[in-house]
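Peer 1: This is the structure, below, for whatever I ask next.
The values are calculated or read from the model by the stated rules, or taken from the named source; none is laboratory data. Please read these numbers as outputs of a predicted model, since none were measured by experiment. Counting neighbours? That spans all protein chains shown, and the Cβs are built from the backbone with ideal geometry, glycine included. Surface areas here come from the heavy atoms of the whole protein model, side chains and all, with no ligands, DNA or RNA. Shrake-Rupley method; radii C 1.70, N 1.55, O 1.52, S 1.80 Å.
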Amino acid sequence: MKKFIYVAIMAVVTLAFSACKSNFNGSDYYQDGKTVVIDANKGTVNGVKYDTTTEKCWMWTLEEKTTGVAVKFDYYVWATEFELVSMCETEMYECSRSGRIASYAYIHMPSLKSADACENANN
């Protein structure tokens, strides 16, 4: 029985991590003169294509590290994945320009089914 519970917990943890998409390089990606490249016509950010049609509620987490202390902020936004990633990558670019070390991750929040419910989750 203990093995079954352990396997079930590991499956849930694995599923949670696989559902998150993140920019592992964070603001470090934009060092050495790189800029964020957003192509609205193609729906790409830095050459990666994202969904430009379906608006959903997303929770994105911004983590900034300053003087050895990590601070995390959670935000809820109603947007397409392309709009969300464009916003997040622009934030990473701005962090890099100001010398801050940051990264982000995001996940779809299917329980928040409207723009109002999504935005209200920020309160």
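Peer 1: Being out of contact with any helix residue (DSSP H, G or I) (no Cβ under 7 Å at 6 or more places or on another chain), in contact (Cβ under 8 Å) with a residue 60 or more places away in the chain and not aromatic (Phe, Trp, Tyr) narrows it down to one residue among 88, 95; which is it?
Peer 2: Only one candidate passes the filter, namely 88.
Peer 1: Confirm whether residue 9 is more than 14 Å from the chain's Cα centre (by Cα), open to solvent by 50 Å² or more (accessible area, probe 1.4 Å), at pLDDT below 80 and of a type outside the set (S, T, N, Q).
Peer 2: yes
Peer 1: Pairs, please: C-beta under 8 Å, at least 6 apart or cross-chain, first residue under 15 Å from residue 100 (Cα atoms) and in segment 28-46, second open to solvent by 50 Å² or more (accessible area, probe 1.4 Å) and at pLDDT below 95?
Peer 2: Correct list of pairs: 28/101; 30/97.
Peer 1: Criterion first (among the charged types (D, E, K, R), in contact with a Ser or Thr (Cβ under 6 Å, 6 or more places away or on another chain) and surrounded by 15 or more Cβ atoms within 10 Å (Cβ to Cβ)) does residue 83 satisfy it?
Peer 2: So residue 83 does not fit the description; no.
Peer 1: Any residue that is at pLDDT below 95 and not in a helix (DSSP H, G or I) - is there at least one of those in segment 77-97?
Peer 2: No, segment 77-97 has no match at all.
Peer 1: Continuing with this model, one more query. Which numbered condition trips up residue 64, out of (1) touching a Lys or Arg at 6+ places or on another chain (Cβ under 8 Å); (2) open to solvent by 50 Å² or more (accessible area, probe 1.4 Å)?
Peer 2: So residue 64 meets the others, but not (2).
Peer 1: Output the residues belonging to segment 96-123 that are surrounded by 17 or more Cβ atoms within 10 Å (Cβ to Cβ), more than 15 Å from the chain's Cα centre (by Cα) and under 23 Å from residue 47 (Cα atoms).
Peer 2: Result: 96, single match.
Peer 1: Would you check which residues across segment 24-40 are open to solvent by less than 50 Å² (accessible area, probe 1.4 Å) and acidic (Asp, Glu) and list them?
Peer 2: Passing the criteria: only 39.
Peer 1: Right, next: Considering only residues that are within 20 Å of residue 29 (Cβ to Cβ) and outside any loop (DSSP other than H, G, I, E, B), look in segment 41-57 and name the one that is most open to solvent (accessible area, probe 1.4 Å).
Peer 2: 49
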